[in-house]
1. Looking for something modelled with pLDDT of 90 or more and not assigned by TED's automatic domain parsing to the domain that holds Glu93 - is there at least one such residue anywhere in the stretch 61-73?
2. Residues to consider are Ile38, Ile91; find the one that is modelled with pLDDT under 85 and not basic (Lys, Arg).
3. Can you tell me which residue among Ile35, Ile16 is surrounded by 12 or more Cβ atoms within 10 Å (Cβ to Cβ) and not hydroxyl-bearing (Ser, Thr, Tyr)?
4. With respect to Thr25, is the statement that it is surrounded by 10 or more Cβ atoms within 10 Å (Cβ to Cβ), within 16 Å of the chain's Cα centre (by Cα) and part of a helix (DSSP H, G or I) true?
Amino acid sequence: MDDYFPVERRTTANSIFMFGYGLGTALSFLTPISIGYIGWRLTFVAIGGFGLFFGLLVLVTVSEPGRFRFYLDDSIEFVGDDPVIQKRSMIKELLDGIKVIMASPTARLVLAGSCLRLSDGYIVGYFA
């Protein structure tokens, strides 16, 4: 997703992509109904046919994007056409991310509420 969409459109693209999981799960509940009408063999062929059709459609219509073209920071250098990612400390990145998240009062309240909600289940379960 990073290589197909710029930062400002990435959340919308990811939402549409993730919608496919829910749609596929919802449509999977039609399988028993289909088996009742056309039998399990033809249902198997139909579902496989849809998968092959959409797989071939993506193979033909979606091209391979250029790598790292939407990165705006200095963590990537290009040597010719090859990207070279600078090594950064994972611990430092984790701590920086936690600082950014905890700077939001809403995030702190959600975290506190989640902790209270999860702990009350353990407390009630222990003393019940």
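1. Pass one, the stretch 61-73, residues modelled with pLDDT of 90 or more: 61.
Then keep just the ones that are not assigned by TED's automatic domain parsing to the domain that holds Glu93; that gives 61.
Yes - at least one qualifying residue is present in the stretch 61-73.
2. Details: Ile38 fails: modelled with pLDDT under 85.
Among Ile38, Ile91, only Ile91 is modelled with pLDDT under 85 and not basic (Lys, Arg).
3. Numbers: Ile16 fails: surrounded by 12 or more Cβ atoms within 10 Å (Cβ to Cβ).
Answer to the selection: Ile35.
4. Values: surrounded by 10 or more Cβ atoms within 10 Å (Cβ to Cβ): no; within 16 Å of the chain's Cα centre (by Cα): yes; part of a helix (DSSP H, G or I): yes.
For Thr25, the condition - surrounded by 10 or more Cβ atoms within 10 Å (Cβ to Cβ), within 16 Å of the chain's Cα centre (by Cα) and part of a helix (DSSP H, G or I) - is not met.
The values are calculated or read from the model by the stated rules, or taken from the named source; none is laboratory data. Bear in mind the structure is a predicted one, so any value in this text is a computation, not a measurement. Counting neighbours? That spans all protein chains shown, and the Cβs are built from the backbone with ideal geometry, glycine included.
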